Amino acid sequence: MTDNNMQEKLVDEYVSENRTDDAVKLLYDLVVSHAENKDFKKAETLYEKLYEVDPMALTEIVRAGEAIEDAKSRSLDKEHREIWADLYDRLSVNEANALYYGMEKRECEAGETIITQGQISSSLYFINKGSVKVVFSRENEDTLLTTLETGDCFGQEQFFSATVSTVSMIANQTVKASRLESDITRKWKTEAPALESKLFDYCQKHDKIKKAVAEKGMDRREYIRIPLPVKLGFQFYDHSGKKTKKAYKGEISDISDGGLSFFIKTSKPESVRMMLGRRLAVTFPVKLKSGESRLVEKTGQITAVQSHIFDDFSIHLRFDTPIEASLLEEVLT
């Protein structure tokens, strides 16, 4: 049995003997020791135990937490920190640690497709070395929008909004990147509540893809959208392709030949994100310029989910087949 294991066993003995002060002191020493040895997982486990043994040992709890954060900060990869200095300079020590230690390393070979247009992705990438081509495809024609290099990030649209990718990302050469999965934001809500907002602002400011689209005068949307504020009913399809019996309601925001977006209200954002990729059957009324009303029924797939204030979420649906253009021309908007 190692010395640390023996000390952890001794902590349990102190607790069983109601020697709380001795248990707290030993736990504090163990947290600091593991943090200095860069065993942060173990340090954090013992930190939680320290809180359980005596939640009123505030001095030791605070100092132990600071010891972990300090050791983490000193262990950050210096080269990575320099590449992303503009991002890390915006963050507190706690936020910087939450960001860095929430990442995983990813290496891609030249020619490898990292993200495919039209597919679901929830990863945000930070390029530490190499370059990536941004390619937009339409009607069997590929267009190079821009090239991203060391210090650029991509995938923010899918990471923050739960949507399918509107471009493909292809490694130009061997790429070394740091990757974040969107699930990490749930952990940040308690550990670093301001981090997601700061990261979002940084990504918006450094979005080279959006800038390239604007400069080239390209619109990645295939159809013109028009506002249509009417109620809509929708039902999901199950995995066997059958329409479920339960129906839900929403309100359409806008519509095009190829799809529509509508709003729903819910206090369960995790459930809404799971809607991405699901197939729906929708029904909604339209009033025509002639005064006639029609009930439109369409099926399609959810390609994006975006959160708004007051528990509102916009759902973006791509129709299986385009709606009749002649119908939209007659719709009263």
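The values are calculated or read from the model by the stated rules, or taken from the named source; none is laboratory data. These figures come from a predicted structure and were not determined experimentally. Neighbour counts are summed over all protein chains in view; Cβ atoms, including those assigned to glycine, are modelled from backbone coordinates with ideal geometry.
Worth a mention:
- Check on Ser75, more than 19 Å from Thr185 (Cβ to Cβ) and at pLDDT below 90: yes
Condition check ((1) closer than 21 Å to Pro322 by Cα; (2) among the hydroxyl-bearing types (Ser, Thr, Tyr); (3) at pLDDT 90 or above) across all residues:
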position: Phe234; (1), (2), (3): yes, no, yes
position: Tyr248; (1), (2), (3): no, yes, yes
position: Lys265; (1), (2), (3): no, no, no
position: Val272; (1), (2), (3): no, no, no
position: Phe284; (1), (2), (3): yes, no, yes
position: Gly291; (1), (2), (3): no, no, no
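- Residues in the range 109-149 that are closer than 30 Å to Lys41 by Cα and either touching a Leu at 6+ places or on another chain (Cβ under 9 Å) or modelled with pLDDT of 95 or more (or both): 9 in all.
- Here Glu69 passes the criteria (1) surrounded by fewer than 17 Cβ atoms within 10 Å (Cβ to Cβ); (2) among the acidic types (Asp, Glu); (3) not assigned by TED's automatic domain parsing to the domain that holds Lys133 except the one numbered (1).
- Helices (runs of 4 or more DSSP H) enclosed by the range 1-68 - at least 1 residues per element that are within 35 Å of the chain's Cα centre (by Cα), under 24 Å from Tyr101 (Cα atoms) and touching a residue at least 12 places away in the same chain (Cβ under 8 Å): 20-36, 40-53
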